[in-house]
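A.B. asks: A single structure is presented below for examination.
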2 protein chains.
Amino acid sequence: MITHEKQVLMKKIMNEFAKTVELFGLTPLEARLFAYLYLTEDIMTLDEMSEALGKSKTSMSTSIRGLAELNLVSRVWRKGVRKDLYRANTQLFKLFITSYMNKWVDATNHRKEGLYEIKKWLQTQDKDAIHSDDTAPDLDEKLDQIITFHKQVATFFNNLQK
Amino acid sequence: MITHEKQVLMKKIMNEFAKTVELFGLTPLEARLFAYLYLTEDIMTLDEMSEALGKSKTSMSTSIRGLAELNLVSRVWRKGVRKDLYRANTQLFKLFITSYMNKWVDATNHRKEGLYEIKKWLQTQDKDAIHSDDTAPDLDEKLDQIITFHKQVATFFNNLQK
DNA sequence: TTTTACGTACAGTTTAAACTGTACAAACTT
DNA sequence: AAGTTTGTACAGTTTAAACTGTACGTAAAA
């Protein structure tokens, strides 16, 4: 039997925890859902989550998939049960840091590619048109600086995972 | 004299760079503004920025203040000039990492305080009401786990700055 | 003192993110 | 095979973030 006091407490912790989880780039609902699953330690169906958080089932579906994508929850199999079951994974620190670092590395590497594209395109262009004026900064050089920055960021976050 | 080709190139780099800058928690406009200032190396007034980016002066005012807050741009003084002048700071990596880490440390410490409040409140409550049921998880314990998590995150980001 | 120029507060608008509801395909049940 | 149940696609709505425009306080200029 769950007392009223316990529910109040539960809600307090969930809301506070969820705010931190949001910092890792999760939507408000994803964050609250994870916090809820983590706190209750329950293995739940979409319908139960929907009921528990008072949000639509569609939202539960997309949220839980987002969480699973980040490896923050796991799907659980039980014979005879047709519905999808999920539970929160427990090693908070490792999970969040890892998924977050991956996001950063992916994003910055992606941008770096874009910048290399520009650099390549630049080499096909008429140099005179771009370098002819000596007051404005040399964009070629600036581009290199920015690419270097991206490398640093990617490397930085990459190293953190160890 | 700035050629058309150079402007095109400029815009390409700016847009790509700005996307990365956004990752550090800046608004789209803040990001583009910084990228622009960084690329041109200009010292500009609000009106000039507004003109250059084609956005309102109000936006420039709030954006530049945001950037200054994060120490990504600096105000420049020139005798006889009444308007505010700003330029981008140049050591990209250091600047961005530092401001970002600070944000994280602040945010997580703040949440940690909130969680301690809950813990304190918990101790004033009737223990029986909360612990009476032995099937559901012990929230007291869960709370401690989450607080530990927050400490780890704060410590983690704090250590990165060195 | 009056006038002009500048930055920003604040209310309002636009744009993007988050969330919902219906409706449907796939899989299970009978 | 027909009837249920389940998860999700997709279009639509709501909510929040981003940005604009007017209007005003402050400070320099006349």
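A.B. asks: Kirkwood Rh over alpha-carbon pairs of region A:26-102, then Stokes-Einstein at 10 °C and 1.306 mPa s: what D in µm² s⁻¹, rounded to an integer? Provide the component values of the computation, followed by the final result.
C.D. replies: Details: Rh = 12.5 Å.
D = 127 µm²/s.
A.B. asks: Could you list the chymotrypsin sites (Phe, Trp or Tyr not before Pro) in region A:54-156 that lie in coil according to DSSP, counting only those with at most 10 other Cβ atoms within 10 Å of their Cβ? If you can, show how the numbers build up before the last one.
C.D. replies: Numbers: sites: A:TRP77, A:TYR86, A:PHE93, A:PHE96, A:TYR100, A:TRP104, A:TYR116, A:TRP121, A:PHE149, A:PHE156; in loops: A:TRP77.
Of the chymotrypsin sites (Phe, Trp or Tyr not before Pro), the ones in loops of region A:54-156 whose Cβ has at most 10 other Cβ atoms within 10 Å are A:TRP77.
A.B. asks: Give a residue-ordered list of calculated ³J(HN,Hα) values for region A:47-64 (Karplus: 6.51 cos²θ - 1.76 cosθ + 1.60, θ = phi - 60°; whole Hz; x for Gly, Pro).
C.D. replies: 5, 5, 4, 4, 4, 5, 9, x, 10, 5, 5, 4, 4, 4, 4, 5, 5, 5
A.B. asks: Now for a separate question. Once region A:1-70 is represented by equal point scatterers at the alpha-carbon sites, with solvent omitted, what log10 I(q)/I(0) does the Debye formula produce at q = 0.22 Å⁻¹?
C.D. replies: Debye curve over Cα of region A:1-70, log10 I(q)/I(0) at q = 0.22 Å⁻¹: -0.96.
A.B. asks: My understanding is that a pair violates if its Cα-Cα distance is over 32 Å; which of A:LYS19/A:LYS83; A:LYS142/B:LYS112; A:LYS19/A:LYS120; A:LYS57/B:LYS151 do that in this structure? Each step should come with its number before you reach the end.
C.D. replies: Values: A:LYS19/A:LYS83 29 Å; A:LYS142/B:LYS112 41 Å; A:LYS19/A:LYS120 43 Å; A:LYS57/B:LYS151 34 Å.
Over 32 Å apart, Cα to Cα: A:LYS142/B:LYS112; A:LYS19/A:LYS120; A:LYS57/B:LYS151.
A.B. asks: Loop only per DSSP, at most 13 neighbouring Cβ atoms within 10 Å: give me the trypsin sites (Lys or Arg not before Pro) in region A:38-88, ordered by residue number.
C.D. replies: Details: sites: A:LYS55, A:LYS57, A:ARG65, A:ARG75, A:ARG78, A:LYS79, A:ARG82, A:LYS83, A:ARG87; in loops: A:LYS55, A:ARG78, A:LYS79, A:ARG82, A:LYS83.
When the trypsin sites (Lys or Arg not before Pro) of region A:38-88 are filtered for loop state and at most 13 Cβ neighbours within 10 Å, A:ARG78, A:LYS79, A:ARG82, A:LYS83 remain.
A.B. asks: Placing unit charges on C-beta atoms (Lys and Arg positive, Asp and Glu negative, everything else neutral), compute the dipole magnitude of chain A about its Cα centre in debye, rounded to 20. Show your work: numbers first, answer last.
C.D. replies: Values: 24 positive and 22 negative charges, 248 e Å.
Charge dipole of chain A: 1180 debye, to the nearest 20.
A.B. asks: How big is the Kirkwood radius of the protein assembly as shown, worked out from every pair of different alpha carbons and given in Å to one decimal? Write down the numbers at each step before the final one.
C.D. replies: Values: mean 1/r = 0.0439 Å⁻¹.
Radius from the Kirkwood sum: 22.8 Å.
A.B. asks: On alpha-carbon atoms, Rg over Rh for chain B using Kirkwood Rh? Let's see the in-between values first.
C.D. replies: Details: Rg = 23.2 Å, Rh = 19.1 Å.
Across chain B, the Cα-based Rg/Rh ratio is 1.21.
A.B. asks: Express in nm, to one decimal, how much length is gained between B:LYS120 and B:ASP106 on full extension, taking 0.36 nm for each residue of separation and deducting their alpha carbon distance. Don't jump to the answer; show the numbers that get you there.
C.D. replies: On the way: separation 14, 0.36 × 14 = 5.04 nm, distance 2.13 nm.
2.9 nm is the gain from fully extending B:LYS120 to B:ASP106.
A.B. asks: Between B:SER61 and A:ARG78, what FRET efficiency follows from the Cβ-Cβ distance if R0 is 56 Å, with the result rounded to 0.05? List each step's numbers first, then the result.
C.D. replies: Working: r = 58 Å, r/R0 = 1.04.
Approximately 0.45, to the nearest 0.05.
A.B. asks: What nm distance separates the two modelled labels at A:ARG87 and B:GLU141, each placed 7 Å from Cα along Cα→Cβ?
C.D. replies: 1.4
A.B. asks: Restrict the search to region A:8-82; then list the GluC sites (Glu not before Pro) that DSSP places in a loop and that have at most 16 other Cβ atoms within 10 Å of their Cβ.
C.D. replies: Numbers: sites: A:GLU16, A:GLU22, A:GLU30, A:GLU41, A:GLU48, A:GLU51, A:GLU69; in loops: A:GLU41.
Filter output for region A:8-82: A:GLU41.
Coordinate-derived values only; no laboratory data. Owing to the predicted nature of the structure, the values given are computational and were not obtained by experimental measurement. Because the Cβ atoms are built from the backbone with ideal geometry, glycine has one as well, and the counts that use them run over all protein chains shown.
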